[in-house]
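Structure record follows, encoded as structure tokens.
The values are calculated or read from the model by the stated rules, or taken from the named source; none is laboratory data. Just so it is clear, the structure is predicted and the values come from calculations on it, not from any experiment. Here Cβ is always computed from backbone atoms with ideal geometry, including for glycine, and neighbour counts include all displayed protein chains. To get the accessible areas, we keep the full protein, side chains included, count just its heavy atoms, and leave off ligands, DNA and RNA. Shrake-Rupley method; radii C 1.70, N 1.55, O 1.52, S 1.80 Å.
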Amino acid sequence: MELRQRALQVLCLSDPEQKAAAALDLQAQAATLSIAEQAPSALADASVLPGHPERPALLRHTEVARRSPATAEGRAILVHAIAHIEFNAINLALDAVWRFDGMPRAYYLDWLRVAAEEAQHFGLLRDHLRRQGHDYGDFPAHQGLWTMCEKTQHDIVARMALVPRTMEARGLDATPQIQRKLRQVGTPDALAAADILDTILHDEVGHVAIGNHWYRWLCARQGLDPEALYGQLVRQYEAPRLKPPFNEAARRSAGFTEAELLWLQQG
């Protein structure tokens, strides 16, 4: 089996459970897979990428209502929103595998591992939702992560800069704040959700580190200054300018430099 063709096939799957299972299965076969030098020639119609179920309804970011985690429904909506992020993150990692040519084997295997870990996260959150009498798809969601994926589909440097180390890195900042709120609520389901987020936060540090590694590797290959280029890419692709507070410890663990952290703080 060839890895990049199979990654595209999994990306096109619309059933969330099938997609998560297929990503995990692909990772399990990683050592036996060949990796093509060129992207699959029979590209899927862009309108079907990524494959996604009929539910949840997809709205604009500003149209998705927020609820307080003080209520059971509010906590379900919160967990559902995070589950949707993790489902999108499976797609983002698979897209990074199939789309971009000319990278070392380690690049493709790194993003395959990310896809599998995101699938595990999605499974943990979906199981939690089901224990609370809900399921993935019960509440509306937004496609902010995939929108940036589409913007950077022709530029791997921008993709590495603006998806893992910008959009996904925001989770490093937001997760501890969400956990504090859940632990303040203190109900069994709130505490269970906070524990799941411990696992996710730990893994996400590694995912952002992979993004940082390949962004810097690409900049070095092309003779670019990664710190100066980053601000240019944020402006060019209209990426969100992140605001504090920042989880500086997690960001340092993920490979951000002191200069980069200072740039973030200066807003």
- Item | Reach of LYS243 by Cα under 19 Å, taken over lysines that are not fewer than 8 positions away in the same chain | none
- Task: Please sort by residue number the GluC sites (Glu not before Pro) in the stretch 173-267 whose DSSP state is loop and whose Cβ has at most 12 other Cβ atoms within 10 Å.
- Result: GLU238
- Item | Radius of gyration, Dmax [the stretch 100-241; alpha carbons; angstrom] | 17.1, 53
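Can you give me the accessible area per residue for the chain, using a 1.4 Å probe, in Å²? Kindly include the intermediate steps, with their values, before the conclusion.
Values: 12350 Å² over 267 residues.
Ligands and nucleic acids excluded, the result is 46 Å² per residue.
With the Cα gyration tensor of the stretch 27-158 in hand, give its eigenvalues times 5 under a square root as the equivalent ellipsoid semi-axes, listed largest first in whole angstrom.
Numbers: eigenvalues 190, 60, 28 Å².
Three semi-axes, in Å: 31, 17, 12.
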- On the protein heavy atoms, probe 1.4 angstrom, tell me the percent of accessible surface of the chain carried by carbon and sulfur. 53
- How big is D for the stretch 180-260, in µm² s⁻¹ as a whole number, if Stokes-Einstein is applied with the Kirkwood radius of its Cα pairs at 37 °C and 0.692 mPa s? 219
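So how do 3-10, 14-21 stack up, highest first, on mean other-Cβ count within 10 Å? Please list the in-between numbers first.
Working: 3-10: 21.6, 14-21: 17.2.
Top to bottom by mean Cβ count within 10 Å: 3-10, 14-21.
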- Message: Return the equivalent ellipsoid semi-axes of the stretch 72-119 as a descending list in whole Å, where each equals the square root of 5 times an eigenvalue of the C-alpha gyration tensor.
- Response: 30, 9, 5
- Working from the alpha-carbon coordinates of the stretch 218-267, get Rg over Rh, Rh being the Kirkwood radius. 0.98
- Message: Between the stretch 189-224 and the stretch 77-150, what is the separation of their alpha carbon centroids in Å?
- Response: 13
